[in-house]
Every structure is written in structure tokens, then in C-alpha cells.
Amino acid sequence: MPRRADDTPVDAAYFQRKVAKGVSEKELQGWVISAAEANGWEWRHTADSRLQHLNGLPDLLLWKGEFLFWIELKRENGKLTIDHLSKAGTFVQGQEETIAGLRAAGQRVSHLSFDIL
């Protein structure tokens, strides 16, 4: 969990002003995972869904008890991918369509971006 120099938790406004600039998605993911673990959530992460034929799958899956949800992390101004053809001419499922499909199936999906914190 990100903290200020005086060890107090970083609130959303401070994060927006001071921390988000220059922070990678990997760092944001680490913070989300730390917060989840601190609150008793289980989680899984697919390192690169494209390499495992899971194109468009959100970055994190979190669950606790009867609650399960997916999180897609993006840097400030990061964009979700859309369905497209690869350079080799094969269909690639986009993040927007995958998220829409998960939501249609009743799943909770959050798109967490620095610019909405």
C-alpha cells in the first residue's frame, strides 16, 4: 500500500497529484495486490494473457468469500484494446469486448486507471 514519507496512507487526491505520474502499471498492480492481501482477498494474475491465448483478459482476478471480481489496470490515459486482426491476420479479442462479455455474464469488472483514482 503506498504511503507518504510520514508513513500515513496515500489518499486518492494525494495519489492523483504526486504519485501517479511516472508510476508503472506493475507498481500500481503491486499496490492493489498488497491492499487485497491486507484485507484477506485471494488473487491471481496472468503475466501476459496474449502469450497464453487469453487475449483481453483483465490483469487481476480477486475473490473473498462469495465476492469475485476482475480488475484491468491502466496507466494514466491508458486505453483498453479493442477486437482487431494481428499482423499475422488472426483475430485478437480486445479488452473492451472481453470486459463487456464478463459483465454480461454477471461478473464484476473494474477498469482501474490513474486518471480515475
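Observations on the model:
- Restricting attention to the stretch 54-69, the residues that are under 15 Å from the mean Cα position of the chain (by Cα) and on the phi > 0 side of the Ramachandran plot total 1.
- Pairs linking a residue in the stretch 5-34 that is closer than 20 Å to SER110 by Cα and modelled with pLDDT of 65 or more to a residue that is outside any loop (DSSP other than H, G, I, E, B) and charged (D, E, K, R), with Cβ atoms under 7 Å and 6 or more positions apart or on different chains, are GLU25/LYS74.
Residue by residue, here is whether (1) at pLDDT 85 or above; (2) under 21 Å from ARG44 (Cβ atoms); (3) loosely packed, with under 14 Cβ neighbours inside 10 Å; (4) not hydroxyl-bearing (Ser, Thr, Tyr) holds:
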position: LEU62; (1), (2), (3), (4): yes, yes, no, yes
position: ASN77; (1), (2), (3), (4): no, no, yes, yes
position: THR81; (1), (2), (3), (4): no, yes, no, no
position: ALA88; (1), (2), (3), (4): no, no, yes, yes
position: ILE99; (1), (2), (3), (4): yes, yes, no, yes
position: ARG103; (1), (2), (3), (4): yes, yes, yes, yes
position: GLN107; (1), (2), (3), (4): yes, yes, no, yes
position: ILE116; (1), (2), (3), (4): no, no, yes, yes
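- Meets criteria (modelled with pLDDT of 80 or more, surrounded by 14 or more Cβ atoms within 10 Å (Cβ to Cβ), among the hydrophobic types (A, V, I, L, M, F, W, C) and in a helix (DSSP H, G or I)) for ILE71: no
The values are calculated or read from the model by the stated rules, or taken from the named source; none is laboratory data. All values reported here derive from a predicted model rather than from experimental measurement. Every residue, glycine as well, gets a Cβ built from its backbone with ideal geometry; the counts of neighbours run over all protein chains shown.
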